[in-house]
Amino acid sequence: MGMRLPREPWRGFVALLFRRVLLVLRGHDYAERPAAQVDEVLLQKIDVCWSVSVGLAMIDTICGASFQSLSLLLALDAGEPWRLGRALAAEGAFVAMAGIGAERRAAALIKKARELCLRVGDPKLSALLEFCTGMTKFLVGKWAEAKDHQLEAERLFADSGSALTWEALNARLYWIWSLFYLGELKELSA
C-alpha cells in the first residue's frame with residue numbers, strides 16, 4: 001500500500017507533525033462521494049490506516065496518531081462520508097491526548113464528525129462517534145461526561161450487533177476508568 005511504520009520513534013513524531021500541519025493547511029473541506037465512486041485502493045488505504053491507528057493507540061500513541069491523521073487526510077480526499085465521519089471522530093480523540101489545552105480543537109472535530117454521522121445514520125458509526133466523544137472527555141479530565149458517553153457507546157455498539165468489537169470493549173474499559181477517577185467505588189466494585 002506504500003505505507004510503512006517508522007523505524008525510530010522520532011520519525012513517527014515528525015510524520016505526525018507533518019500530517020497535522022497538512023491538515024491545518026488543507027482544512028476540512030471535501031467533495032462528498034459515495035464509496036462506489038471512490039478508487040478502491042484509496043478506500044483500502046483509509047481502512048488500513050484506521051486499523052493501524054487503533055491497533056497502536058495504546059502501545060505507540062504517537063505512531064497511532066500519525067496513522068490516524070493520515071487516515072483523515074485520505075478520507076478528506078476520498079469524500080466518502082462513513083469513513084470521513086470515522087476519521088473526524090477518531091482524530092478528535094487523538095487530538096485530545098494533548099490534554100485540556102487541546103479540548104477546543106478536539107471538540108470542533110467531534111462536532112464536525114457528529115454532523116456527518118447523523119446524516120449518514122449508520123448505527124455502528126453513531127456508536128463509534130459516542131465512543132470517541134467519551135474519549136475526548138476522558139482525556140481532558142471530564143470523567144463524569146466520559147462515563148456517560150462510554151456507557152451510551154457500549155449500548156449503541158450492542159444495539160448495532162457490535163458488542164464484542166475493539167471499540168465496544170474499550171468503551172467498557174474507559175467507563176470503568178472514569179468510575180475509578182470519579183471515586184465511584186461502589187459502582188466500580190459492582
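The values are calculated or read from the model by the stated rules, or taken from the named source; none is laboratory data. These numbers come from a predicted model, not from an experiment. Positions of Cβ are generated from backbone atoms using ideal geometry, with glycine treated the same way; all protein chains shown enter the neighbour counts. Surface accessibility is based on the protein's heavy atoms, side chains included, excluding ligands, DNA and RNA. Shrake-Rupley method; radii C 1.70, N 1.55, O 1.52, S 1.80 Å.
List of remarks:
- Condition check for Gly79: out of contact with any helix residue (DSSP H, G or I) (no Cβ under 7 Å at 6 or more places or on another chain), at positive phi and open to solvent by less than 20 Å² (accessible area, probe 1.4 Å): yes
- Beta carbons closer than 8 Å, at least 6 apart along the sequence or on distinct chains, pair a first residue in segment 94-105 that is within 14 Å of Ser53 (Cβ to Cβ) with a second that is open to solvent by 80 Å² or more (accessible area, probe 1.4 Å) and not in a loop (DSSP other than H, G, I, E, B) for Val95/Arg105.
- All positions within segment 1-31 that are open to solvent by 90 Å² or more (accessible area, probe 1.4 Å) and either in a loop (DSSP other than H, G, I, E, B) or not charged (D, E, K, R) (or both): Met1, Arg4, Leu5, Arg7, Pro9, Trp10, Phe13, Phe18, Val24, Leu25, Asp29
- Yes/no for Gln44 being in contact (Cβ under 8 Å) with a residue 12 or more places away in the chain and within 11 Å of the chain's Cα centre (by Cα): no
- Residues being in a helix (DSSP H, G or I) and open to solvent by 10 Å² or more (accessible area, probe 1.4 Å) - total across segment 94-108: 8
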